[in-house]
Structure formats: C-alpha cells, structure tokens
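For reference, the structure is listed below as structure tokens.
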Ligand SMILES: CC(C)(COP(=O)(O)OP(=O)(O)OC[C@H]1O[C@@H](n2cnc3c(N)ncnc32)[C@H](O)[C@@H]1OP(=O)(O)O)[C@@H](O)C(=O)NCCC(=O)NCCS
C-alpha cells in the first residue's frame, strides 16, 4: 500500500498494508510473545512485524527476527532504528539506518477514535484552544492528529530517553504550517531529544498515519 508523507528524499523506508496475516508469519521466538494473546493481537503483532521485515529487506537486511524489549519496544537489528504501528484496519512499519536517523516513531489511528471526555487527559489548554476553532470533520481530524502525533512522538523518544512521558508532558504546536512537538517536562535525558520535533502526517481513507524522526547531520 503506497503511503506518501511528501518528505523530499526521506531517510527511512516504510511499508504499510491493510491485509492482515497470522502467527504463521512469525518465527518460533517471535511467536512466544503472543502465545497467550487473543486473535486480534496476534494479527496485529504478526502483520506489524511482516511490514518491518519487508522494510528491512529494502535496506538489504534479510532473515531477521524482531523480538520485543522489556519496555515493549521492538528489538531492531544492529545499526537500525524503526517503529511499528497497527490500527483495526491497517498496519505499518518504518526503518532507517541508525547512522542516518537517531530514532523514528510511527502511529496509525482510525480518525474519530478520540472522545471529548478524553481531552483533559490528552491535551493541554493551548491544544484544546487550537481544537476549539474547528467543528465537524475538521475537529475530528485535528483531534486525532494531536493524539496520534503524541503517540508517534512517544515511540520516537522512548528508545532514546527510556522515560515515560504523559500526553500533557509534551505540547504539539503549529508553527508556520508545520506541526511540531516540544517536551515541557524536565528530566535527565531530555537533552537527547531535539528542542522541537516535526510531526508529519498523511491520510489514507479513514486512517491517519503520523510520523516523526530525527535525522543526524
Ligand atoms: C506505547 C504506545 C505509544 C503504543 O501506541 P498504541 O497506539 O497503543 O499502539 P500502536 O499499534 O500504534 O503501537 C504499538 C507498537 O508500539 C511499539 N512500542 C511499544 N512500546 C514501545 C516503546 N516503549 N518504544 C517504542 N515503541 C514501542 C511496539 O512495536 C508495538 O507493537 P508490537 O507490540 O506489535 O510490536 C501507547 O500504548 C502508550 O503507552 N502511550 C502512552 C504514552 C504516550 O503516548 N505519551 C504521549 C506523550 S510522549
């Protein structure tokens, strides 16, 4: 499935699909992580990993297993960074060489999944004020975008800082037409993150795909 983030010369490879596979695509060790999982979780885990392996093939990395870290992050082959996401109807993965990209985060959301009663838990006053200028489909879209951008950012930042950040520990701002995330909370390791991280997104039907990464210079 072609997903275009409209980034000129992206330093990463991405693979997306809406055709889910099952545990037969997993290695024996990978299967252990979903041994007791319900079928939907097995499908999501297997399809995300299949996308990741296909993306790795485009970096000429073949015959790999992608195990799971204690913090639930995927264990990527040496010299590679990556991220996996799945929604009810889509799965995808992005990978890049670690000498080009320090970290990368991906999120896929079904547009409309964030209810207004979740706003206070997810969004700062400034973000709620931004959303309040919209109504109808635009409100639904931007609400999903703010949520998804933060989830993509979490997967980007956690492998670098090993720190849990809550939704209100970060602020998503729109600066000259570009969404960016800044970390508000102070913690040891914050210096490993960019001061502001651009958030890229694209829509595929009712799916919103969000991405952030930091390219080494
Ligand atoms: C971890 C989290 C971001 C996953 O997002 P999600 O929308 O629930 O699920 P997704 O399908 O998009 O992503 C799941 C994938 O994330 C990846 N992941 C899980 N923990 C991770 C971590 N610590 N670091 C990087 N990637 C991680 C895994 O690949 C997982 O899929 P897999 O188990 O099949 O391998 C979310 O569950 C969470 O805990 N959020 C709270 C923290 C947060 O988002 N803060 C926002 C401000 S920074």
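Of everything in segment 181-199, what is touching a helix residue (DSSP H, G or I) at 6+ places or on another chain (Cβ under 9 Å) and within 16 Å of residue 106 (Cα to Cα)? Give them in sequence order. Answer for segment 181-199, where residues must be touching a helix residue (DSSP H, G or I) at 6+ places or on another chain (Cβ under 9 Å) and within 16 Å of residue 106 (Cα to Cα): 181, 197, 199. Counted as qualifying within segment 63-179 are the helices (runs of 4 or more DSSP H) with 2 or more residues that are under 30 Å from residue 26 (Cβ atoms), modelled with pLDDT of 95 or more and near the ligand (Cβ under 9 Å from one of its atoms), namely 136-161. Would you confirm, using the coordinates I've provided, whether residue 199 is surrounded by 15 or more Cβ atoms within 10 Å (Cβ to Cβ), farther than 26 Å from residue 76 by Cβ and within 15 Å of the ligand (Cβ to nearest atom)? Answer is no for this residue.
Going by what's in this entry, would residue 57 be described as under 15 Å from residue 92 (Cα atoms), free of Cβ contacts under 8 Å to residues at least 40 places away in the same chain and surrounded by fewer than 16 Cβ atoms within 10 Å (Cβ to Cβ)? Spell out the reasoning first.
On the way: under 15 Å from residue 92 (Cα atoms): yes; free of Cβ contacts under 8 Å to residues at least 40 places away in the same chain: yes; surrounded by fewer than 16 Cβ atoms within 10 Å (Cβ to Cβ): yes.
Criteria met by residue 57.
Among the residues of segment 77-104, those identified as over 18 Å from residue 16 (Cα atoms), touching a strand residue (DSSP E or B) at 6+ places or on another chain (Cβ under 9 Å) and in contact (Cβ under 8 Å) with a residue 24 or more places away in the chain are 80, 97, 100, 101, 102, 103. Among the residues of segment 180-193, the ones that are closer than 27 Å to residue 91 by Cα and in a loop (DSSP other than H, G, I, E, B) come to 1 in all. Count of segment 62-73 residues, restricted to those that are buried (at least 16 other Cβ atoms within 10 Å of the Cβ) and in contact (Cβ under 8 Å) with a residue 24 or more places away in the chain, is 2.
The values are calculated or read from the model by the stated rules, or taken from the named source; none is laboratory data. Quick caveat, the model's predicted, so the values are computed rather than measured. Ideal geometry is used to build each Cβ from the backbone, glycine not excepted, and the neighbour counts take in all protein chains shown.
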